[in-house]
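Reviewing the structure listed below.
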Amino acid sequence: MSTAAYAALLQRLRDGEAVLLDGGVGTEIQRQGAPMSTALWCAEANLSHPQVVRGVHGDYLAAGAEVVTANTFASSPLLLQHFGRLDEMECIDAIALAVAREAAAADPRAASLVIAGSMSTMRPTVPGSDRTQLDHGWSEAEARALFARKAASLRAGGADFIMMEMMRDLDYSLWACEAALASGLPVWIGLSGERATDGRLVGFGRPDADLEQVAAGLAALRPDAMAIMHTSVDDTLPALEVLRRHWSGPTAAYPECGRYEAPDWKFIGIAPPDEYAVLSREWRRLGAHALGGCCGVGPAHIARLRVEHRT
């Protein structure tokens with residue numbers, strides 16, 4: 001872990017400087033040829049194609065990213081337990097974090113780069129879609145124990161901080177965030193929203209979770225930073241407006257571009273890099289100084305953000 005590098009990066013955010021995150025890791029791994037697991041999405045690639053995973057990190061670093069997000073989103077303890085593979089989690093995470101560190105070490109800026117361990121509440125999805133199977137549940141005690149194990153796995157693997165991704169409710173997301181904070185590592189919390197049928201902003205896949213309430217509840221945990229992520233580019237600005245009503249600290253924006261089609265991501269409606277960079281001006285105006293992308297956003301988008309914000 002690089003405590004000094006993380007502290008320096010966080011201070012830059014507090015000072016209002018632009019910081020570049022990477023783009024979609026899982027979708028880029030797939031684009032570069034690693035097969036996706038229907039059950040575990042991109043987590044399997046850490047075991048089968050670690051060289052591809054490392055190459056993806058290297059491409060984002062070459063584009064200007066300053067944070068390397070390890071490929072640990074899909075190694076969710078809920079997902080792994082459901083498919084009887086929980087005992088593989090620490091191995092999967094260790095490989096993901098090792099190749100992230102290797103990519104960072106090979107970069108000329110190695111001393112200033114930081115490694116984020118991604119942590120999600122990913123659960124089994126409805127076949128052929130990205131919708132969570134809500135009939136698969138865990139008790140609060142079971143879920144908290146699993147999230148604590150995941151946070152410990154990321155810490156053991158050498159993450160500089162934990163990036164909570166696709167937080168979208170005040171049950172599983174709250175339990176996961178509290179487990180991450182209890183690990184002793186710094187934590188960023190990324191909220192994911194979408195429009196409900198009545199036009200309200202709600203948690204992604206959680207129409208019962210009003211995004212305003214989720215933002216207020218998770219902001220109260222006082223992480224180092226908060227973000228709007230895995231949210232459409234159309235909804236990112238209004239979601240940031242929701243977040244800013246409850247959060248005045250360091251903020252990030254890394255939307256998604258694309259539509260899911262199991263077991264692949266079908267790229268429809270991706271904003272071109274130039275258009276994406278123009279949109280990012282408004283995100284930064286609302287205080288999102290850490291900028292990157294999620295599913296569907298690639299190295300070309302990050303390179304264009306670098307030019308736009310002169311990092």
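The values are calculated or read from the model by the stated rules, or taken from the named source; none is laboratory data. Keep in mind that what you see is a predicted model, and the values were worked out from it rather than measured. Don't worry about glycine lacking a Cβ; one is built from the backbone with ideal geometry, like all the others, and counts go over all protein chains shown. The accessibility values were calculated without ligands, DNA or RNA, using every heavy atom of the protein model including side chains. Shrake-Rupley method; radii C 1.70, N 1.55, O 1.52, S 1.80 Å.
With respect to Ser120, is the statement that it is closer than 30 Å to Ala7 by Cβ and either open to solvent by 10 Å² or more (accessible area, probe 1.4 Å) or out of contact with any Phe, Trp or Tyr (no Cβ under 7 Å at 6 or more places or on another chain) (or both) true? Let's see the steps before the verdict.
Values: closer than 30 Å to Ala7 by Cβ: yes; either open to solvent by 10 Å² or more (accessible area, probe 1.4 Å) or out of contact with any Phe, Trp or Tyr (no Cβ under 7 Å at 6 or more places or on another chain) (or both): no.
Criteria not met by Ser120.
Report whether or not Ala156 is surrounded by 18 or more Cβ atoms within 10 Å (Cβ to Cβ) and either under 20 Å from the mean Cα position of the chain (by Cα) or modelled with pLDDT under 95 (or both).
Details: surrounded by 18 or more Cβ atoms within 10 Å (Cβ to Cβ): no; either under 20 Å from the mean Cα position of the chain (by Cα) or modelled with pLDDT under 95 (or both): yes.
So Ala156 fails the test.
Residues that are at pLDDT 95 or above and either more than 24 Å from Thr125 (Cα to Cα) or hydroxyl-bearing (Ser, Thr, Tyr) (or both), at least 1 per element: which helices (runs of 4 or more DSSP H) completely within region 1-56 meet that?
On the way: elements: 3-14, 25-31, 45-48.
Here the list reads 3-14, 45-48.
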Is region 15-28 home to any residue that is open to solvent by 50 Å² or more (accessible area, probe 1.4 Å) and out of contact with any Phe, Trp or Tyr (no Cβ under 7 Å at 6 or more places or on another chain)?
yes
Those residues of region 134-187 which are over 22 Å from Ile92 (Cβ atoms) and basic (Lys, Arg), in sequence order
Arg168
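Going by what's in this entry, would Leu97 be described as open to solvent by less than 20 Å² (accessible area, probe 1.4 Å) and either out of contact with any strand residue (DSSP E or B) (no Cβ under 8 Å at 6 or more places or on another chain) or part of a helix (DSSP H, G or I) (or both)?
Numbers: open to solvent by less than 20 Å² (accessible area, probe 1.4 Å): yes; either out of contact with any strand residue (DSSP E or B) (no Cβ under 8 Å at 6 or more places or on another chain) or part of a helix (DSSP H, G or I) (or both): yes.
So Leu97 passes the test.
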Show the residue pairs meeting these rules: Cβ distance below 8 Å; 6+ apart or different chains; first residue within region 97-108 and within 9 Å of His57 (Cβ to Cβ); second residue hydroxyl-bearing (Ser, Thr, Tyr).
Ala100/Thr69
